[in-house]
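Taking it in order: structure first as structure tokens, then the write-up.
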Amino acid sequence: MVVLADIQSSNVHIATSLPEGMVALFVGATSGIGEATLKQFAKHAARPHVYFVGRKQEAANRIIAECETLNPEGKYIFISADVSLLCNVDEVCRDIKARERALNLLVLTPGIATIHNETPEGLRKITSLLYFARMRFIVNLLPLLQQATSLRRVITVGAAGSEGPIDTADFEGRKLSAPMFRGHITSLTTVALETLAEKAPTVSFINTHPGAVQTGITREVDNLRMWIVWLALLLFGRWICIPAIESGERHLFVATSAKYPARDGDDGVPLSEGVAVARGVDGEVGEGVYSVTSDGESSDNAIEVLKGLREMGIGEIVWRYTESQFKRITGVNAV
């Protein structure tokens, strides 16, 4: 486990270990873990240039004001969008590409607690937010990430460590039970990150699990299981949940520490004594794709599950289906 003191020490050195003016995009950052991580980045980075995407203008105004207090030398730009729609994802990415020539950090946290909603594009909304929209952001912005001269990282926050079987007859998980869907969607993400790492070995790709954090995602629920989760957090959250600030600190560490390098090298804050480079999902140290649990370490379960999926050739099947949905909805594989 990476202890909090080492995490905080590493984060303090971001301003002196990494270059000024790093550009970051946070998607789903007007609340919860995305907001907490954004604020930590604003606090510790030198002259950061931060974009963040969400639906709530009032929350965005508050976050911008708080970030300007934390670090007046930074720039903080809000983009309002419903990213459950891939056409909106493309619009956001076009906007970023028009403004920036490189991107250092992409942090993806959008989610929803409802399971019965559909998008106008014909996707199950929870699957769109947890998988398709996130992959679309990565694919569209990968050229900008590759253009960065220092830190180049993608962080997607979900249920890393819970990887399980992938149902190739039901990619959207419409017929899966909640536990099976959790394993299915987590494996989809990690497998897809492996495919993307083959295309961009200078970028580090990290799937994380934050542990129990009160994020507000359970404000909208439409199923018994999530009502139970909401009630448990309401009654016992103060004893079982990681504080949002600590979760933000931990995710900033994942986003900036040399513990999680790209396959072909990656800048990061140098490791303190006793902190080792993480194992990738293929079991090799520093491999470039990581499934990281709430303690900051690589998941043994992910390594085992991914080995089996790799032997079955699932990665190619997953990515072929992903691109087919991109093409069906948007007409192109990337913008």
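The values are calculated or read from the model by the stated rules, or taken from the named source; none is laboratory data. Owing to the predicted nature of the structure, the values given are computational and were not obtained by experimental measurement. Reconstructed Cβ throughout: ideal geometry from the backbone, glycine too, with neighbour counts over all protein chains shown. Just so you know, the surface numbers come from the protein's heavy atoms only, side chains and all, with ligands and any DNA or RNA stripped out. Shrake-Rupley method; radii C 1.70, N 1.55, O 1.52, S 1.80 Å.
With both labels modelled 7 Å from their Cα along Cα-to-Cβ, the His116 to Ile317 distance reads 3.1 nm. Close amide H partners of Lys75, meaning residues 5 or more places away or on another chain with modelled amide H under 5 Å apart, are His49, Val50. Projecting the Cα atoms of Ile185, Ser204, Asn301 onto the charge dipole of the chain (Cβ charges, centred on the Cα centre) puts Ile185 farthest toward the positive pole.
Give the shape of the chain as rounded, prolate or oblate, defined through the alpha-carbon gyration tensor: a ≥ b ≥ c are the square roots of its eigenvalues, a/c under 1.5 means rounded, and otherwise the shape is prolate if a/b is larger than b/c and oblate if not. Intermediate results must be reported in sequence, preceding the final value.
Values: a/c = 1.22, a/b = 1.17, b/c = 1.04.
Rounded.
Spin-label model, Leu70 to Ala212: label points 7 Å out along the Cα-to-beta-carbon direction sit 2.5 nm apart.
How high is the relative contact order of the chain, in percent, with contacts defined as C-alpha pairs under 8 Å that are six or more residues apart? Before the final figure, lay out the partial values.
Details: 681 pairs, mean separation 68.1, N = 335.
Relative CO of the chain lands at 20 percent.
Compute the accessible area per residue over the chain, keeping the other protein chains in place, probe 1.4 Å, unit Å². Mind showing how you got there, number by number?
Working: 13980 Å² over 335 residues.
Roughly 42 Å² per residue, with all protein chains present.
Pop out the carbon and sulfur fraction of the accessible area of the chain as a percent, whole number, probe 1.4 Å. Here it works out to 54 percent. Other residues within the sphere of radius under 11 Å centred on the Cβ of Glu35, judged by their own Cβ, net out at +2 (K and R +1, D and E -1).
Residues in the stretch 22-65 near a label at Asp82, defined as backbone nitrogen under 19 Å from the 7 Å Cα→Cβ point? Zone members listed by number: 27-31, 53-60. Our coupling estimate for the stretch 172-187, obtained by passing each phi through the Karplus curve with A = 6.51, B = -1.76, C = 1.60 and θ = phi - 60°, is 7, x, 5, 9, 8, 5, 4, x, 5, 4, 4, x, 4, 5, 5, 5 Hz, Gly and Pro reported as x.
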